[in-house]
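Peer 1: Submitted below is the structure of interest, expressed as structure tokens.
The values are calculated or read from the model by the stated rules, or taken from the named source; none is laboratory data. Keep in mind that what you see is a predicted model, and the values were worked out from it rather than measured. Counting neighbours? That spans all protein chains shown, and the Cβs are built from the backbone with ideal geometry, glycine included. For the accessible areas, the whole protein counts, side chains as well, though only heavy atoms, and no ligand, DNA or RNA atoms are used. Shrake-Rupley method; radii C 1.70, N 1.55, O 1.52, S 1.80 Å.
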Amino acid sequence: MTVHHIATNQDTMLRQRAMPITVFDRQLSKLAKDMMDTMMASDGVGIAAPQIYCPLALFIIASRPNARYPDAPLMAPQIMINPGIIAASAEQVMGEEGCLSLPGTRLSVPRHQWLEVEYQDLQGQRHQQVVDGFVARIFQHELDHLKGLTLLERIRLNEQTQESTLC
């Protein structure tokens with residue numbers, strides 16, 4: 001078991017855009033395993049590679065009930081490489097989120113209710129699926145990390161969008 005130190009909000013790594021992955025090898029599988037170990041040891045429901053100081057477009061979503069999210073649905077962890085959103089619901093839903101990079105912080109964030117997403121697996125195979133509810137929230141949160149956005153930046157962006165539509 002390999003557990004990495006998780007970058008915190010002060011780390012510049014979290015403000016960088018992740019690079020696409022083009023090589024699907026044992027080293028990538030080891031990175032994904034290390035991320036899984038780190039996420040589980042931290043009781044997280046998702047983790048992005050930049051959170052362990054690796055600027056690659058890879059994250060894991062792993063919804064399960066825990067102390068922070070007792071009503072979360074149970075799902076098998078999914079490794080998502082070079083992920084993206086194909087379509088999103090017009091409806092956004094407010095929900096409370098935490099972040100392994102912001103320990104002890106919980107913020108209410110609007111997110112799309114459902115998404116149609118695409119990604120590659122560890123072998124480089126492309127997949128598409130629809131995610132909704134809490135799983136869609138995790139996907140959007142982790143995708144923000146790949147864009148160099150933390151939960152705090154997401155809140156600021158949402159506030160700016162609301163201010164610009166008031167007139």
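Peer 1: It is to be established whether one or more residues within region 112-123 are open to solvent by less than 10 Å² (accessible area, probe 1.4 Å) and within 22 Å of Asp37 (Cα to Cα).
Peer 2: no
Peer 1: Same structure again: Any residue in region 19-35 that is open to solvent by less than 30 Å² (accessible area, probe 1.4 Å) sitting within a Cβ distance under 6 Å of a residue that is modelled with pLDDT of 95 or more and hydrophobic (A, V, I, L, M, F, W, C)? List the pairs, counting only those 6 or more apart or interchain.
Peer 2: If the second residue must be modelled with pLDDT of 95 or more and hydrophobic (A, V, I, L, M, F, W, C), the pairs left are Ile21/Leu56; Ile21/Ala57; Ile21/Ile81; Ala32/Ile79; Met35/Ile47; Met35/Ile60.
Peer 1: Does Met75 meet the test of being in a loop (DSSP other than H, G, I, E, B), closer than 26 Å to Gln123 by Cβ and touching a residue at least 60 places away in the same chain (Cβ under 8 Å)?
Peer 2: For Met75, the condition - in a loop (DSSP other than H, G, I, E, B), closer than 26 Å to Gln123 by Cβ and touching a residue at least 60 places away in the same chain (Cβ under 8 Å) - is met.
Peer 1: Between a residue in region 43-54 that is more than 16 Å from Asp11 (Cα to Cα) and any residue that is basic (Lys, Arg) and modelled with pLDDT under 95, which pairs come within a Cβ distance under 7 Å, given they are 6 or more apart or on different chains?
Peer 2: Listed pairs, sorted by first residue: Val45/Arg64.
Peer 1: Please enumerate the residues belonging to region 80-100 that are open to solvent by 40 Å² or more (accessible area, probe 1.4 Å), of a type in the set (Val, Ile, Thr) and over 11 Å from Pro110 (Cβ atoms).
Peer 2: Within region 80-100, Ile85, Ile86 qualify.
Peer 1: In addition: If the requirement is being open to solvent by 60 Å² or more (accessible area, probe 1.4 Å), part of a loop (DSSP other than H, G, I, E, B) and in contact with a Leu (Cβ under 8 Å, 6 or more places away or on another chain), which of these qualifies: Pro65, Pro103?
Peer 2: From the options Pro65, Pro103, the qualifying one is Pro65.
Residue by residue, here is whether (1) assigned to a loop (DSSP other than H, G, I, E, B); (2) more than 22 Å from Arg17 (Cβ to Cβ); (3) modelled with pLDDT of 95 or more; (4) under 15 Å from the mean Cα position of the chain (by Cα) holds:
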residue: Ser108; (1), (2), (3), (4): no, yes, no, no
residue: Arg111; (1), (2), (3), (4): no, no, yes, yes
residue: Gly124; (1), (2), (3), (4): yes, no, yes, no
residue: Val135; (1), (2), (3), (4): no, yes, yes, yes
residue: Ile138; (1), (2), (3), (4): no, no, yes, yes
residue: Glu142; (1), (2), (3), (4): no, no, yes, yes
